[in-house]
Structures are given as C-alpha cells and as structure tokens.
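S.K.: Would you mind keeping the following structure in view while I ask a few things?
The values are calculated or read from the model by the stated rules, or taken from the named source; none is laboratory data. Note that this is a predicted model, so its numbers are computed, not measured. Note that each Cβ is placed from the backbone with ideal geometry, even for glycine, and that neighbours are counted across all protein chains shown.
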C-alpha cells in the first residue's frame with residue numbers, strides 16, 4: 001500500500017517533465033505471436049541493411065589472414081647456426097629489444113619477423129662464418145597480448161595465440177565479476193553493452209551470441225592489442241509496479257519470465273488492462289514494449305523472457321491511464337531509482 005502511494009506521489013513529482021515524452025500507445029512496439037526463434041525481444045534497433053553490414057564486417061574479420069608475428073621484448077627465443085652449435089643460444093629479448101650475439105654484439109630483434117631476424121643475424125655473421133644458415137625458434141611469447149577490463153573477475157593483460165577467441169578470452173579473465181545483492185552473490189557483467197575495440201574501431205560484436213550461444217561469427221579471434229571492456233550491470237533486479245497486488249523489486253534470475261514475475265507479485269488486480277508494459281535497455285535511454293498479457297494467458301502468444309533491470313508496469317483498464325504513465329511517470333531515470341530505493345525502505349524485499 002505504501003509502495004503504491006509512493007508511486008502516485010512520484011507521478012505528481014515528475015509531472016513537470018512530461019514534455020520530454022510524447023510516446024502514445026499506438027507507437028509502442030507490441031510483442032505478440034512469437035515463435036521459438038524470436039522469443040527474446042530484439043532491441044538492437046537495426047534494420048535489415050544494418051544487420052547485413054554487421055554480418056559483412058564480421059565475415060571480413062573471420063577471413064582476415066593471421067598478421068605476421070613480430071618479435072618483441074620479453075619473448076624467449078632459440079637461435080641456431082647450422083654446423084656451429086657454439087653460436088647457438090636460448091635467450092630472452094631484452095627490454096630494449098636487443099639480444100647479444102657472438103661476433104656481432106647487441107642486435108635489435110624486436111619489431112622484426114622471424115625471417116627478418118634470422119636474415120639480420122646471417123648478414124652479421126657472414127664476415128666471420130662461411131655461408132651461415134640461421135634459424136630462430138620462438139619458445140615463449142610475452143608480447144602477443146590483449147587487454148580485458150571492466151566487470152570481469154580478473155581484468156588485465158593476457159597472452160594470446162592465434163586460436164584465442166572472445167569466449168576463451170572472457171574465460172581467461174574469470175568470466176563475470178560478482179557482487180552481493182540482498183545477501184546473494186550475483187553476476188554483474190552486462191554482455192549486451194560490452195564493447196570490443198581493435199585499432200580504434202568498435203567491432204560490431206554481440207557478446208551474448210559469442211559467449212552464451214557460441215556463435216562463431218561473433219566469437220571473433222583476439223588479436224594483439226585488442227581491447228575488450230565488459231560493461232557492468234547497474235541493477236540485477238526487476239521492478240514490478242502498477243495494477244499488481246504486491247508492487248516490489250525482486251532479484252533477477254536467469255530464465256525469469258513475465259508470467260512468473262507477475263505471479264510472484266501476487267498477480268494482477270481485476271482492474272488491469274489487456275497489455276503490460278516492459279521498459280528496458282537502461283533507464284537513461286529506455287525502450288518500451290507492450291505485451292498482450294491476455295494473449296499469453298489464452299495461449300496465443302508466448303511468455304516473454306525478462307532481463308536484469310527490466311521495469312514491468314501493469315496499467316489500469318483504460319488507454320488514458322497508460323498514456324498518463326508514459327507521459328508523466330516515465331520521463332526520468334531517477335524515478336525508478338527512487339521507486340527501487342523506496343521499496344527497500346518500506347520493507348519490500350526481493351521475492352516477496
């Protein structure tokens with residue numbers, strides 16, 4: 001009761017912001033009659049042409065040839081000179097990129113390919129050794145690294161190989177970090193808003209497809225110098241408000257659906273409208289969807305999977321009440337932070 005009263009007070013409080021939102025019922029995307037393949041809301045906002053461009057770029061990345069390896073400081077190498085074992089050695093390239101070689105002194109190998117380095121040594125030994133044949137073998141690579149930062153368990157710089165892909169790289173960093181939420185440890189990684197940067201280009205990678213679904217097109221190979229940032233999920237919860245018997249904030253759980261969440265809220269009041277509103281994609285830039293709840297109950301539409309941070313609003317049985325909500329209650333992200341905080345303050349705990 002106190003929570004519902006707070007929602008009404010909040011509505012009046014943000015009324016002065018109503019000019020920021022003019023969305024009406026007819027312009028809100030409706031989720032209905034979904035098949036298995038489209039059971040999750042598509043929020044990318046990309047059209048067919050955009051999707052084609054993304055796919056084309058990812059295909060180009062997959063087909064790119066492995067860049068030639070260049071030796072660098074810290075790499076352990078083995079140098080052999082055919083028929084002259086006394087000139088061979090196993091060493092690490094120094095911080096200055098140099099290696100000490102008999103007859104030649106300090107030779108810079110960093111920045112060179114294996115073939116270029118071997119040729120440099122061959123030319124340097126030629127005045128002292130008849131027709132020298134030189135080979136270089138890489139024993140330990142320290143310079144082929146990429147960085148992963150953000151909400152992973154062990155952010156840092158990791159060594160990579162030409163077989164390391166995004167999902168492997170994420171696993172190297174311990175996958176998602178965790179935090180304590182209402183006494184429960186929850187993952188805080190937000191794969192939907194994580195980013196992948198290569199040489200200043202933001203690659204169009206879908207982390208969820210790569211990591212959760214094993215989509216090889218999005219599970220791109222990691223290259224030297226790549227930067228991966230795992231975004232943080234701001235709130236691992238779902239808020240249920242409006243015409244439900246127990247408005248509250250509850251802990252998000254993977255696989256959570258709309259019907260189960262409404263049930264946990266004591267179900268809808270008799271005055272509920274035929275459609276439920278889902279607000280998603282961050283409260284600073286919310287996306288709105290309307291769901292035919294009557295259609296789901298009648299078996300005509302599928303249950304809608306939820307995501308952490310979703311706000312579920314059940315309007316009353318008039319369209320005008322819905323429009324009031326859109327224009328007055330939704331305008332600012334702060335309102336839902338207030339609602340969430342107030343829910344805790346009045347003793348409404350997750351799952352109740």
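S.K.: Tell me which residues, restricted to segment 37-65, are within 19 Å of the chain's Cα centre (by Cα), under 24 Å from residue 165 (Cβ atoms) and either modelled with pLDDT under 75 or loosely packed, with under 11 Cβ neighbours inside 10 Å (or both).
M.R.: Those that are within 19 Å of the chain's Cα centre (by Cα), under 24 Å from residue 165 (Cβ atoms) and either modelled with pLDDT under 75 or loosely packed, with under 11 Cβ neighbours inside 10 Å (or both): 40, 44, 46.
S.K.: Name the residues in segment 64-120 that are in a helix (DSSP H, G or I) and either in contact (Cβ under 8 Å) with a residue 40 or more places away in the chain or not assigned by TED's automatic domain parsing to the domain that holds residue 134 (or both), would you?
M.R.: Within segment 64-120, 87, 114, 117 meet the criteria.
S.K.: Within the set of pairs 6+ apart or on separate chains, which have a first residue in segment 194-223 that is without any contact (Cβ under 8 Å) to a residue 12 or more places away in the chain and in the same structural domain as residue 176 (by TED's automatic domain parsing), a second that is part of a loop (DSSP other than H, G, I, E, B) and crowded, with 18+ Cβ neighbours inside 10 Å, and C-beta atoms under 6 Å apart?
M.R.: Here the result reads 209/218, each pair linking segment 194-223 to a residue that is part of a loop (DSSP other than H, G, I, E, B) and crowded, with 18+ Cβ neighbours inside 10 Å.
S.K.: Continuing with the same structure: Check off (1) farther than 13 Å from residue 75 by Cα; (2) surrounded by 14 or more Cβ atoms within 10 Å (Cβ to Cβ) for residue 91 and give me the number that stays unchecked.
M.R.: (1)
S.K.: Let me ask something else. If residue 132 passes every condition in (1) without any contact (Cβ under 8 Å) to a residue 12 or more places away in the chain; (2) crowded, with 17+ Cβ neighbours inside 10 Å but one, which one does it miss?
M.R.: Single failed check for residue 132: (1).
S.K.: I'd like to verify a number: residues in segment 194-208 that are in contact with a strand residue (DSSP E or B) (Cβ under 6 Å, 6 or more places away or on another chain), part of a strand (DSSP E or B) and buried (at least 16 other Cβ atoms within 10 Å of the Cβ), how many?
M.R.: 2
S.K.: Sort out which residues of segment 224-245 are out of contact with any helix residue (DSSP H, G or I) (no Cβ under 8 Å at 6 or more places or on another chain) and closer than 25 Å to residue 301 by Cβ, and write them in order of number.
M.R.: Answer for segment 224-245, where residues must be out of contact with any helix residue (DSSP H, G or I) (no Cβ under 8 Å at 6 or more places or on another chain) and closer than 25 Å to residue 301 by Cβ: 243, 245.
S.K.: Quick check on my filter: what residues within segment 293-309 are more than 13 Å from residue 262 (Cα to Cα) and crowded, with 18+ Cβ neighbours inside 10 Å?
M.R.: Correct list: 301, 302, 307, 308, 309.
S.K.: Additional query: Taking segment 209-222 as the region of interest, how many residues are surrounded by 15 or more Cβ atoms within 10 Å (Cβ to Cβ) and either touching a strand residue (DSSP E or B) at 6+ places or on another chain (Cβ under 8 Å) or part of a helix (DSSP H, G or I) (or both)?
M.R.: Result for segment 209-222: 7.
S.K.: Right, next: If you scan segment 225-254, which residues turn out to be in a loop (DSSP other than H, G, I, E, B) and farther than 16 Å from residue 192 by Cβ?
M.R.: Within segment 225-254, the first condition is being in a loop (DSSP other than H, G, I, E, B), and the residues that meet it are 225-226, 233-236, 243, 245-247, 252-254.
225, 226, 243, 245, 246, 247, 253 - these are the residues of segment 225-254 that are in a loop (DSSP other than H, G, I, E, B) and farther than 16 Å from residue 192 by Cβ.
S.K.: Now for a separate question. Would you check which residues across segment 122-166 are part of a helix (DSSP H, G or I) and at pLDDT below 95 and list them?
M.R.: Those that are part of a helix (DSSP H, G or I) and at pLDDT below 95: 122, 123, 124, 125.
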